[in-house]
Amino acid sequence: MRKARYISPNLITKLTALWAVSESGLGGIFHAMKLPFSGLILGSFAVMIVTFMAMYTERKFRTIVQATLIVILIKAIASPHSPITAYVAVMFQGLVGAAIYTLMDVSRFSAILYGVIALLESALQKLLMLVLIFGKNIWEAFQEFFSSLAKQFSLQSLELLPVVIVGIYCLIYFIGGILAGNFAVQLPQAIQKQATIMKVRTVRVADVPPARKRKMKTRILGLAFIMLFIALVFILSGSMNRAIYSLLRTLAALSILFFVINPLFKYLLQRWKNSQKLRNKKQLNEVLEFVPQFRSHARHAYVIAEEESSMFRKIKTFLLTWMALALFSDDE
């Protein structure tokens, strides 16, 4: 595969910084751009960054794993209240990318394979969390609800709606993985082309709203709504015992999650973070030096991306412009 020429000695460090900023600082920009599926976009960006790293390093496994640990460390510093699943997703993306690109050369096939695996994990992880919290009752409640609608309106196809919804959800992430992998192998050349365009532009810096934090109150209301939905479906179908069991099981699962697993994870993460800050001090500082500058570049890229009309072109323009500024800017 023909590679674009990148002579920066700090290329891997810059790519690591871009990945770290995307994980802890792009929420406000994506909200301002009114982009749906921000998690899918961030996962796709991680696929592109890891593939980019694999193209420009001989020691693929070690380089990608080290970058992954630095990104998790910065995420722990910048967003200490992120859920466990967020750290698991980053670790999975890094380890799978390191494994695939160690076993296979970087090609369109390997990049698409990586993209599909990484993004499907993200989709399935969300579904798995729902099952862990609510048990199989959540699936049974939805099936019973739509079965009753099917009988009421004489539309048997409604019974399949839960399966169709889950299928479409996974299909979106599957297609996203294909697109991310396919674009990842073209990324270096696309960034160079965008950098050439940027040389003849002057861009004002926009005020971008800060990332919106998902408040605990919102999460609790969401969980409470699902709990009540499951209980009401079982009660209306005459299964009072199942409704009570469902509520008690969910409350027990939430108690274990919030009062046992979450505090234990935070404690272990804090200990790991303190040890890694000392062990990887040089690498961490090198990456952190670029973070403020890259956040500024993201605001520039936001202005240019807002000129596009379609959602897809907004995403593409933002990512290419941001990376072009980060990798080719002379203001460092």
Would a scan of the stretch 225-244 turn up a residue that is closer than 30 Å to Leu69 by Cα, touching a residue at least 12 places away in the same chain (Cβ under 8 Å) and surrounded by 13 or more Cβ atoms within 10 Å (Cβ to Cβ)? no
Would you pick out the residues in the stretch 289-332 that are more than 19 Å from the chain's Cα centre (by Cα), among the small types (Gly, Ala, Ser) and closer than 20 Å to Gln192 by Cα? Ser296, Ala301, Ala305, Ala324, Ala326, Ser329
Looking at (1) loosely packed, with under 13 Cβ neighbours inside 10 Å; (2) modelled with pLDDT of 80 or more, can you tell me which one Lys136 breaks? (2)
The correct count of residues that are buried (at least 16 other Cβ atoms within 10 Å of the Cβ) and in contact (Cβ under 8 Å) with a residue 60 or more places away in the chain in the stretch 87-109 is 3
Looking at this structure, is Ile117 part of a helix (DSSP H, G or I), over 20 Å from Ile178 (Cβ atoms) and either touching a strand residue (DSSP E or B) at 6+ places or on another chain (Cβ under 7 Å) or not hydroxyl-bearing (Ser, Thr, Tyr) (or both)? no
Kindly evaluate Thr317 against the criterion of being touching a His at 6+ places or on another chain (Cβ under 8 Å) and either loosely packed, with under 12 Cβ neighbours inside 10 Å or farther than 25 Å from Ile220 by Cα (or both). no
Identify, from the list Met104, Met91, Met55, the residue that is farther than 21 Å from Leu284 by Cβ, of a type outside the set (Lys, Arg) and out of contact with any helix residue (DSSP H, G or I) (no Cβ under 6 Å at 6 or more places or on another chain). Met55
Kindly indicate whether any position in the stretch 49-72 is part of a helix (DSSP H, G or I), farther than 23 Å from Asn182 by Cβ, of a type in the set (A, V, I, L, M) and within 15 Å of the chain's Cα centre (by Cα). yes
Somewhere in the stretch 221-229, is a residue at positive phi and modelled with pLDDT under 75? no
Would you confirm, using the coordinates I've provided, whether Leu130 is within 21 Å of Ile172 (Cβ to Cβ), more than 15 Å from the chain's Cα centre (by Cα), among the hydrophobic types (A, V, I, L, M, F, W, C) and assigned to a helix (DSSP H, G or I)? yes
Which residues, counting only those in the stretch 17-50, are within 24 Å of Leu284 (Cβ to Cβ) and touching a Gly at 6+ places or on another chain (Cβ under 7 Å)? Val47, Val50
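With respect to Phe265, is the statement that it is under 24 Å from Pro83 (Cα atoms), surrounded by fewer than 16 Cβ atoms within 10 Å (Cβ to Cβ) and in contact with a helix residue (DSSP H, G or I) (Cβ under 9 Å, 6 or more places away or on another chain) true? Give the steps one after another, and end with the answer.
On the way: under 24 Å from Pro83 (Cα atoms): yes; surrounded by fewer than 16 Cβ atoms within 10 Å (Cβ to Cβ): yes; in contact with a helix residue (DSSP H, G or I) (Cβ under 9 Å, 6 or more places away or on another chain): yes.
Criteria met by Phe265.
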When the stretch 254-309 is checked residue by residue, the ones that are among the polar types (S, T, N, Q) and not in a helix (DSSP H, G or I) are Asn280, Ser309
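The values are calculated or read from the model by the stated rules, or taken from the named source; none is laboratory data. Only a predicted model underlies this, so the values are computations on that prediction, with no experimental measurement involved. Every residue, glycine as well, gets a Cβ built from its backbone with ideal geometry; the counts of neighbours run over all protein chains shown.
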